[in-house]
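Reviewing the structure listed below.
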Amino acid sequence: MILLDTHVLAWLASDPGKLSRPAASAIRRAYRVEGVAISAMSLWELGWLVTHGRVQMPGTPESILEKASSRTAVLPVSSKIAALANQFPMDFPSDPCDRLIGATALAEGMTLITKDERIRACKLLRTVW
């Protein structure tokens, strides 16, 4: 199973051409074989982005989030994930969403699909872009 960063989830739904070839290939393979997951934090973040006009997608925020969650496994923020989110190195992004998504990938042993270079630079995570 792979984990999608929030921007990857949004692009997958609204503009798949923004995905790199390796990312798109990994996502297609995961949908066929092992599955695709998102952090519950990504649902909140996507809802915020849509509500505040930062991401344009057809439908209401509720319908967009329902569709996103119906195509993926939604992983909760566990106590282990919350603790790991606070243990990344100082050069890891300080944004709580990035930290919780990264910690989810780490806790679950998943590859994270992300364009974020600062997340990809973290040696603790397996990433694809």
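The values are calculated or read from the model by the stated rules, or taken from the named source; none is laboratory data. Just so it is clear, the structure is predicted and the values come from calculations on it, not from any experiment. All Cβ positions, glycine included, derive from the backbone under ideal geometry; neighbour counts span all protein chains shown.
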request  = For the stretch 21-34, enumerate the residues that are over 15 Å from the mean Cα position of the chain (by Cα) and of a type in the set (Gly, Ala, Ser).
outcome  = Ser25
task = State which residue pairs qualify: first residue touching a residue at least 40 places away in the same chain (Cβ under 8 Å) and inside the stretch 87-105, second residue of a type in the set (Lys, Arg) and surrounded by fewer than 16 Cβ atoms within 10 Å (Cβ to Cβ) in any location, beta carbons under 7 Å apart, and separation of 6 or more residues or different chains.
result = none
Pairs where the first residue, in the stretch 12-30, is acidic (Asp, Glu) and the second is surrounded by 12 or more Cβ atoms within 10 Å (Cβ to Cβ), C-beta under 7 Å, 6+ apart = none
key: Close pairs from the stretch 71-85: first at pLDDT 95 or above, partner surrounded by 13 or more Cβ atoms within 10 Å (Cβ to Cβ) and in a loop (DSSP other than H, G, I, E, B), Cβ under 8 Å, at least 6 apart   = Ala73/Met1
request  = Scan the stretch 86-123 for residues that are among the small types (Gly, Ala, Ser) and surrounded by 17 or more Cβ atoms within 10 Å (Cβ to Cβ) and jot them down.
outcome  = Gly102, Ala103, Ala105, Ala107
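Looking at the structure I just gave you, is Ala37 of a type outside the set (Phe, Trp, Tyr) and either free of Cβ contacts under 8 Å to residues at least 40 places away in the same chain or over 17 Å from Asp98 (Cβ atoms) (or both)? Steps first, please.
Values: of a type outside the set (Phe, Trp, Tyr): yes; either free of Cβ contacts under 8 Å to residues at least 40 places away in the same chain or over 17 Å from Asp98 (Cβ atoms) (or both): no.
No.
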